[in-house]
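To start, the structure under review is shown below, and the notes come after it.
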Amino acid sequence: MTGNERLAHHDVVVIGGGNAGLSVAGRLHRYGMNDVAVIEPRSHHRYQPLFSHVAGGTAKASQAHRPQGDVTPRGVTWRQDRVVSINPDASELVLALGTRMTYGHLVVCPGIQKDFDRIPGLVDALATPYVSSHYEFEYVAKTSRLLRDVREGTVVFVQPAGPATCAGASQKPMYLACAYWRAKGVLDNIRVVMLVPDPTVFGIPAIDSELERKIDEYGIELRTSTELIEVDGDQRQIVVRTADGEPERMSYDVLNVVPPQSAPDWLKASALPAPGDAAGFVDVDPYTLRHRRHHNVWSLGDAAATLNSKSGGALREQAKVLAGNLRDVKAGKSPSARYSGYSVAPFTVSRGTVVFAEFDDRYRQKPTVPFWPGLARERRLTWVFDRHILPWVYWNLILKGRA
């Protein structure tokens with residue numbers, strides 16, 4: 001639904017119609033809130049966890065998106081527009097199409113901004129036939145073709161520094177491609193390089209051990225404490241900064257880059273981040289997900305200044321906590337639910353197995369099955385869950401606020 005009204009009001013307004021926005025909107029409607037509106041400018045909803053599978057050749061691009069109207073929970077209003085500014089003191093928004101909207105409660109979850117332009121030369125290089133990024137839907141098919149057609153040369157995969165959504169997913173197409181190249185008998189002809197900004201491949205010893213085993217198995221050249229700082233698309237070269245701070249040039253035949261990320265620019269410019277916080281994420285209590293200063297404002301997902309690793313897997317618990325606490329407040333109570341900091345990163349380490357990393361906001365393992373961290377080992381079971389079961393659950397339950 002679109003609205004051309006110049007003035008509007010909703011009891012609850014949700015900014016963002018992605019995983020976070022729709023799942024929390026659906027749950028709020030199920031809790032009896034009948035005037036919930038979602039502001040989302042895109043006409044299609046995208047399921048980002050499948051992007052890696054599309055890039056790696058184990059899913060079709062058509063399986064990763066659906067019309068936004070088809071996935072908006074029944075009973076929730078969809079306004080196809082975008083936010084221009086927020087005045088939380090007046091509980092008011094201004095939208096791009098000219099609508100001024102007031103709200104009783106505001107849930108801010110627009111996702112995270114992909115800053116391709118922060119790497120000099122990257123935007124121009126993406127227009128060449130040899131550079132891509134599976135973090136944007138418009139490039140996933142290109143990434144798939146590039147990786148499928150490689151038979152020799154140097155292929156470089158880049159994981160960004162700083163906050164990023166599902167940063168570990170930078171590695172997933174690499175493992176899928178290596179398994180494909182090995183099956184085709186060409187892996188030994190390809191130099192595969194993975195650049196990660198951190199001292200280890202992930203940051204949890206048990207997960208590092210599993211991933212390093214696969215890295216050794218495929219012969220991947222892992223470069224830790226290394227950041228991409230420039231791309232020369234004409235020369236097919238990159239410049240990286242290593243742990244000692246010295247720049248180093250490297251040639252590539254194919255380059256797949258996950259870009260730096262940040263809070264959306266309009267959010268950074270608003271009154272919702274903490275004063276003086278240049279990162280620009282919404283200043284919420286990381287456990288109740290309620291804004292620290294504006295108590296009718298809430299946030300979850302990548303745009304919230306929570307302590308957890310940003311991931312789609314964190315949203316199920318966050319949506320349940322936020323919706324429950326908002327219901328408490330509307331009933332005149334104090335927020336009673338607390339987010340545990342849970343996050344998850346499924347690593348597709350072959351074309352039929354996954355390493356399932358579950359952890360909290362202090363990078364301690366937090367297995368779904370208590371006292372059994374077995375899902376952190378490479379398993380076929382978690383592949384079936386990640387590739388087949390979870391997408392069905394996402395489209396049919398999560399987005400409706402039922403899981």
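Put simply, of ALA337, ALA345 the only residue that is over 30 Å from ASP35 (Cβ atoms) and of a type in the set (A, V, I, L, M) is ALA345.
Residues of the stretch 312-340 that are in contact with a helix residue (DSSP H, G or I) (Cβ under 8 Å, 6 or more places away or on another chain) and not hydrophobic (A, V, I, L, M, F, W, C): GLY312, ARG316, GLN318, LYS320, ARG327, SER334, PRO335, SER336, ARG338, TYR339, SER340.
Does the stretch 41-49 contain at least one residue that is at positive phi and surrounded by fewer than 21 Cβ atoms within 10 Å (Cβ to Cβ)? Full working, then the answer.
To start, the set of residues in the stretch 41-49 that are at positive phi comprises none.
No: zero hits.
A single entry from GLU217, GLU248 fulfils the requirement of being assigned by TED's automatic domain parsing to the domain that holds PHE157 and in a strand (DSSP E or B): GLU248. Here ARG364 fulfils each of the conditions (1) within 21 Å of the chain's Cα centre (by Cα); (2) at pLDDT 95 or above apart from (2).
Just one residue in the set ALA323, ALA319 is of a type in the set (Gly, Ala, Ser), farther than 30 Å from PHE116 by Cβ, assigned by TED's automatic domain parsing to the domain that holds LEU106 and in contact (Cβ under 8 Å) with a residue 24 or more places away in the chain; that residue is ALA323. Given the residues SER299, SER343, SER309, which is the only one that is surrounded by 21 or more Cβ atoms within 10 Å (Cβ to Cβ), within 24 Å of LEU50 (Cα to Cα) and in contact (Cβ under 8 Å) with a residue 40 or more places away in the chain? Answer to the selection: SER309.
Of all residues in the stretch 149-164, exactly one satisfies the criterion of being under 18 Å from ASN308 (Cβ atoms) and touching a Phe, Trp or Tyr at 6+ places or on another chain (Cβ under 8 Å), namely PRO163.
The values are calculated or read from the model by the stated rules, or taken from the named source; none is laboratory data. Quick caveat, the model's predicted, so the values are computed rather than measured. All Cβ positions, glycine included, derive from the backbone under ideal geometry; neighbour counts span all protein chains shown.
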